[in-house]
């Protein structure tokens with residue numbers, strides 16, 4: 001096996017240097033670009049077998065499609081965030097290895113055999129579940145987006161980061177499999193005064209958040225799988241909370257405890273952080289819902305049009321924490337006029353939705369924007385609208401209409417307008 | 001079924017009989033089937049197991065463990081366990097979080113949100129330090145140490161006196177100066193945007209006021 005592979009590599013190297021001669025084709029010299037029509041290594045020699053890669057990995061040619069972080073954002077990469085490379089993604093599902101990560105105490109490595117979920121407080125019968133216990137319960141699989149409340153937070157004062165990975169990449173969308181929290185609540189028997197649930201993680205941050213019982217009973221889940229396989233450690237293996245449509249911080253990872261109470265806890269992550277400071281010094285709290293938002297992922301700074309005049313698909317993603325995306329409009333003139341885009345479907349509530357618009361580009365300068373609206377009638381606002389209510393210090397929940405500047409050479413820049 | 005099985009003489013006969021047998025029993029099962037409700041999964045935790053994990057503290061004081069401390073004591077522990085990141089007085093080293101000061105800055109261009117200037121409840125301080133700090137060695141402080149450190153941080157923020165003894169009975173009563181400035185999410189009223197303009201939406205010409213490349217702070221691949 002090894003010798004066969006070595007031989008293949010040796011032959012390939014020889015073939016590459018003598019390529020033009022061996023295949024007897026066209027242009028010679030350094031200027032010659034590789035032609036898809038020449039004989040290739042993979043046309044002739046055997047590839048690897050089925051035993052070299054027990055868990056598959058992407059092609060080496062896709063090595064640029066990775067999560068990235070912004071080192072200057074935080075003091076330490078252990079309590080920090082990385083961003084999903086939205087421009088390179090298709091459809092609406094985020095592959096598990098590209099799902100953004102935000103940890104407050106690093107990526108915990110949890111042994112499922114040593115992990116339990118405890119439910120106690122204002123209940124008739126407190127219960128403890130192992131992962132195996134949970135997997136015996138009736139489960140559901142649902143598609144939901146998760147978005148960090150700080151997505152777009154660096155853009156409040158003006159255009160700052162040049163790439164949709166950085167302006168919007170704190171969002172991902174997966175199919176989650178797990179048990180509905182309502183099932184678990186019925187099993188423990190919530191007392192009538194049990195109105196709030198505190199979720200707590202088993203990691204070093206011990207992340208804790210208060211969630212109203214109404215939401216818990218509506219559509220929350222304890223998930224153990226994401227996109228058909230066990231959660232990745234960075235997403236809370238062996239189990240995490242799923243709080244559809246609500247800010248990602250509430251989706252407690254490595255979850256180990258649910259306490260039922262009559263009042264909220266006002267934990268650090270719902271007071272010091274994840275509250276929205278307004279210009280007048282007051283602050284909103286319990287701003288859970290991720291409002292309707294959208295971004296054009298192609299073209300984008302990562303996917304410029306670079307002198308390629310002619311036909312293009314404008315494509316992007318829209319979502320709403322309140323329900324389903326009803327439609328997306330596209331402006332080419334900085335918001336003066338709008339064209340309805342096509343929704344690709346499936347369109348599901350609290351889920352990323354892809355939109356497209358075919359476009360014939362003549363090389364003109366453009367200011368392109370997307371504006372989503374959802375089935376509650378809410379329309380994504382402009383920066384001016386958001387700033388007029390909030391000022392620029394609220395950090396969280398920036399869902400303002402975003403602008404890409406398409407330059408005559410096809411380069412794309414993140415800009416803001418008046 | 002079982003009496004059938006006992007009579008089996010060879011593997012072949014067994015397999016055939018099992019199929020026949022299963023077919024028969026399966027029919028009976030389908031007729032008798034009743035969808036069960038979930039039960040018997042999970043175990044009841046002991047009081048001690050609950051107590052070991054039940055560390056959360058609420059603004060009404062629920063969950064505060066028995067213990068006490070003063071700022072004077074807390075200063076020493078803070079210097080030892082916290083100051084390398086947060087600074088001797090909570091002023092923050094390099095880019096680590098600032099824990100003190102910032103009073104009156106919330107309406108400024110660069111607000112400084114700290115325990116003193118921003119946090120609405122003292123209970124959050126206990127709850128958070130006990131579960132998450134010191135960063136890198138969480139859950140290693142005793143309740144007495146957390147009372148003392150909290151007292152120190154509250155004193156540095158001029159919320160309690162340096163010699164005040166804080167304990168399970170008075171900790172939650174501490175009034176935080178910024179509490180009244182918090183209010184529940186009102187976006188569904190204050191930000192109920194529903195207008196979907198399609199043409200002539202701008203009254204003035206559109207101009208670019210900021211462009212990300214000018215700042216040049218976007219990370220680049222090596």
Worksheet item: Rounded to the nearest 0.05, what FRET efficiency is calculated for residue A:61 and residue B:202 with R0 set to 51 Å and r the Cβ-Cβ distance?
Response: 0.75
Discussion item. What does the structure give for B:121-127 when I average, per residue, the other chain Cβ atoms found within 10 Å of the residue Cβ?
Written reply: 4
Worksheet item: How big is D for chain B, in µm² s⁻¹ as a whole number, if Stokes-Einstein is applied with the Kirkwood radius of its Cα pairs at 4 °C and 1.567 mPa s?
Response: 54
Worksheet, complete the sentence: Output field shielding_mean for A:55-66 (other chain Cβ, 10 Å radius) holds 0
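Can you tell me how segment A:156-215 classifies by the Cα gyration tensor, rounded, prolate or oblate, using a/c under 1.5 as the rounded cut? Before the final figure, lay out the partial values.
Values: a/c = 2.69, a/b = 2.26, b/c = 1.19.
Verdict is prolate for segment A:156-215.
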Item to complete: Rounded to whole Å and sorted largest first, list the principal axis extents of the Cα atoms in segment A:117-158.
Response: 52, 27, 15
Worksheet entry | Antiparallel content of DSSP bridges confined to the protein assembly as shown, in %, to 5 | 90
Item to complete: Quick one: grab the alpha carbon gyration tensor of the protein assembly as shown, order the square roots of its eigenvalues as a ≥ b ≥ c, and give me rounded if a/c is under 1.5, else prolate or oblate depending on whether a/b is larger than b/c.
Response: oblate
Discussion item. Can you tell me how segment B:68-179 classifies by the Cα gyration tensor, rounded, prolate or oblate, using a/c under 1.5 as the rounded cut?
Written reply: oblate
Item to complete: Normalising by the residue count of chain A, find the relative contact order in percent from Cα pairs under 8 Å and 6+ residues apart.
Response: 15
Response to the item:
Taking A:329-335, B:118-124 and ranking on average Cβ neighbours within 10 Å, highest first, one gets B:118-124, A:329-335
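Using alpha carbon coordinates only, what is the Rg to Rh ratio of segment A:31-162, with Rh defined as the Kirkwood radius?
Numbers: Rg = 22.4 Å, Rh = 20.5 Å.
Taking Rg over the Kirkwood Rh, I get 1.09.
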Fill in: Inter-part distance where segment A:382-404 and segment A:83-158 are each reduced to a Cα centre, Å
27
Worksheet entry | Relative contact order [Cα under 8 Å, 6+ residues apart], chain B, whole percent | 21
Discussion item. Between segment A:183-248 and segment B:33-96, how far is it from one alpha carbon centroid to the other, in angstrom?
Written reply: 19
Item to complete: Compute the whole-percent fraction of alpha carbon pairs in segment A:175-263 spaced more than 16 Å apart.
Response: 49
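Give the average, rounded to an integer, of partner chain Cβ atoms located within 10 angstrom of each Cβ in B:42-55.
Numbers: counts 17, 7, 6, 7, 2, 1, 0, 5, 7, 0, 1, 10, 6, 4.
Other-chain Cβ atoms within 10 Å of each residue's Cβ, averaged: 5.
Every number in this text was worked out from the coordinates using simple rules, so none of it is lab data. Just so we're clear, the structure is a prediction, and the values are computed from it rather than from any experiment. Glycine also receives a Cβ, built like all others from the backbone with ideal geometry; neighbour counts cover every protein chain displayed.
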